[in-house]
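**Student:** Below you'll find the structure I mean.
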Amino acid sequence: MKHETDVWKPELPINEQDPLIEQAARLLTEQQVVAFPTETVYGLGADATNETAVKRIFQAKGRPSDNPLIVHVATREQVRELVTTIPPVAEKLMDAFWPGPLTLVMESSGRAAEPVTAGLSTIGIRMPDHPLALALIKAADRPLAAPSANRSGRPSPTSAAHVAQDLTGRIAAILDGGATGVGVESTVLDCTTEIPVILRPGGIAKEDLEQVIPRVMVDPALAGAEDKPKSPGMKYTHYAPEAPLWLVEGSDTFFQATLRELTDARQRVGVIASEELAAKLEYEPMISCGSRTHLTEVASRLYSTLREFKKADVDIILCESFPEAGVGAAIMNRLTKAASQKVSEQ
Ligand code: TXA
Ligand code: MG
């Protein structure tokens, strides 16, 4: 279906009775899809209980149908309807981290439309920590299935402009709530096993989860082991910028040498670097996405940085590696998936 794609910007602070939010909610009850901000990235929302609506998400994104969607809720009551039971460990995590960037995978009750779970017996649910997202879910009075609001394979959108770049003409409307804060998606945690398993690292770090529950495992597939990833989405090409991205692992001197080799070979190179490395390189074009010691800042700028370099201007994007502690695990997970190759020292 062809759409005009309206962009609506509700006034701040968000008022639940805002007519723009009510208008967007009405579209959702009419099985349309609407993009909205969350604290992580923009989501592409549709009524999670309606098959026609949910199928439109897959169409608009060009998303493979075997990749399940996260359902966004505003109340615990909505969670109870979507699952068979809430495991005690999930209850504890909701108390500690909701609303927030943590998706909990539980056994599905079958209440969600079939394409949401893509044939799995489980369902991923989260309560976003964003006043506009919560107001929209309440106004629509139904849970919203919402993947990131990018065309499949592209970096996730952290502003309404990014959503417009990818989806203008393909969706009914975009609610503009400004830039998102966290910048990387939610952590996806499987709570159906005795020890919960991180299927996708994200805004809540493993170290944070371990403050609340005694043991958390990481899906071995994330470390590059051969096992098939349990989170279906993890196997697809993702977050790809326009030009090929080379991820450099090693010292600053090694980065400098790699850059020189490429520029000597007349490659047009765009650099993504920490403030620390940027100060040493003094190179153009280069984007610094924050300090190595402030990884939350790097996370919040990561996707807009990946969208910045255009293929008309650069042949290769050379990007530094970041420490894997805390939200660094999510940053490196996304960069590794965005990269067409790794260049390692030694
Ligand atoms: O922060 C976020 O999570 C954003 C915002 C919009 O909420 N959403 C998001 O959705 O990142 P998406 O569709 O881009 O990624 C969802 C991930 C995929 O890797 C998918 O395979 C996984 O969650 N997932 C969803 N339901 C699942 C389930 N039942 N079991 C395992 N993995 C699941
Ligand atoms: Mg996504």
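**Student:** Given the criteria more than 12 Å from ligand 1 (Cβ to nearest atom) and buried (at least 22 other Cβ atoms within 10 Å of the Cβ), does residue 135 qualify?
**Tutor:** Yes.
**Student:** Please go through segment 150-168 and give me each residue that is surrounded by fewer than 21 Cβ atoms within 10 Å (Cβ to Cβ) and within 10 Å of ligand 1 (Cβ to nearest atom), ordered by number.
**Tutor:** 152
**Student:** Return the pair list, or none, for Cβ contacts closer than 6 Å from residues in segment 149-161 that are in the same structural domain as residue 72 (by TED's automatic domain parsing) to residues that are more than 12 Å from ligand 2 (Cβ to nearest atom) and part of a helix (DSSP H, G or I), at least 6 apart or on different chains.
**Tutor:** Qualifying pairs under 6 Å: 149/163; 155/306; 155/307; 157/163; 158/304.
**Student:** Which residues, taken from segment 294-322, are at pLDDT below 95 and within 24 Å of residue 345 (Cβ to Cβ)?
**Tutor:** Answer for segment 294-322, where residues must be at pLDDT below 95 and within 24 Å of residue 345 (Cβ to Cβ): just 309.
**Student:** Another question, then. Condition test on residue 117, is it more than 16 Å from ligand 2 (Cβ to nearest atom), of a type in the set (Val, Ile, Thr) and in the same structural domain as residue 13 (by TED's automatic domain parsing)? Outline the logic, then answer.
**Tutor:** On the way: more than 16 Å from ligand 2 (Cβ to nearest atom): yes; of a type in the set (Val, Ile, Thr): yes; in the same structural domain as residue 13 (by TED's automatic domain parsing): yes.
Here the answer is yes, as residue 117 does meet what is asked.
**Student:** Same structure again: Looking only at segment 65-87, filter to residues that are within 16 Å of residue 117 (Cα to Cα) and among the acidic types (Asp, Glu); which one of those is modelled with the lowest pLDDT?
**Tutor:** It comes out as 66.
For every residue, the table says whether it meets (1) closer than 23 Å to residue 197 by Cα; (2) within 14 Å of ligand 1 (Cβ to nearest atom); (3) in a helix (DSSP H, G or I); (4) touching a His at 6+ places or on another chain (Cβ under 8 Å).
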{"site": "28", "(1), (2), (3), (4)": "no, no, yes, no"}
{"site": "63", "(1), (2), (3), (4)": "no, yes, no, no"}
{"site": "67", "(1), (2), (3), (4)": "yes, yes, no, no"}
{"site": "86", "(1), (2), (3), (4)": "yes, no, no, no"}
{"site": "93", "(1), (2), (3), (4)": "yes, no, yes, no"}
{"site": "110", "(1), (2), (3), (4)": "yes, yes, no, no"}
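**Student:** Right, next: Run down 284, 261 and say which single residue is assigned to a loop (DSSP other than H, G, I, E, B), modelled with pLDDT of 95 or more and either exposed (fewer than 15 other Cβ atoms within 10 Å of the Cβ) or in the same structural domain as residue 117 (by TED's automatic domain parsing) (or both).
**Tutor:** Just one listed residue meets the conditions, 284.
**Student:** Is it the case that some residue within segment 35-53 is part of a loop (DSSP other than H, G, I, E, B) and charged (D, E, K, R)? Even if it seems obvious, please write down each step before you answer.
**Tutor:** Applying the first criterion (part of a loop (DSSP other than H, G, I, E, B)) to segment 35-53 yields 37-42, 48-50.
Filter once more, so that each one left must be charged (D, E, K, R): 39.
Within segment 35-53, one or more residues are part of a loop (DSSP other than H, G, I, E, B) and charged (D, E, K, R).
**Student:** Quickly run through segment 174-200 and pick out the residues that are charged (D, E, K, R) and either surrounded by 23 or more Cβ atoms within 10 Å (Cβ to Cβ) or not in a loop (DSSP other than H, G, I, E, B) (or both).
**Tutor:** If the condition is that a residue be charged (D, E, K, R) and either surrounded by 23 or more Cβ atoms within 10 Å (Cβ to Cβ) or not in a loop (DSSP other than H, G, I, E, B) (or both), then 185, 190, 200 are the ones that fit.
**Student:** Could you check residue 166 against (1) in a loop (DSSP other than H, G, I, E, B); (2) of a type outside the set (A, V, I, L, M); (3) within 16 Å of ligand 2 (Cβ to nearest atom) and say which number it fails?
**Tutor:** With (1) in a loop (DSSP other than H, G, I, E, B); (2) of a type outside the set (A, V, I, L, M); (3) within 16 Å of ligand 2 (Cβ to nearest atom) applied to residue 166, the lone miss is (1).
**Student:** Looking at (1) over 19 Å from residue 24 (Cα atoms); (2) away from ligand 1 (no atom under 13 Å from the Cβ); (3) assigned to a loop (DSSP other than H, G, I, E, B), which one does residue 171 not meet, given that it meets all the others?
**Tutor:** (1)
The values are calculated or read from the model by the stated rules, or taken from the named source; none is laboratory data. Here the structure is a predicted model, which means the values were calculated and not measured. As a convention, Cβ positions derive from the backbone with ideal geometry for all residues, glycine included, and neighbour counts pool all protein chains shown.
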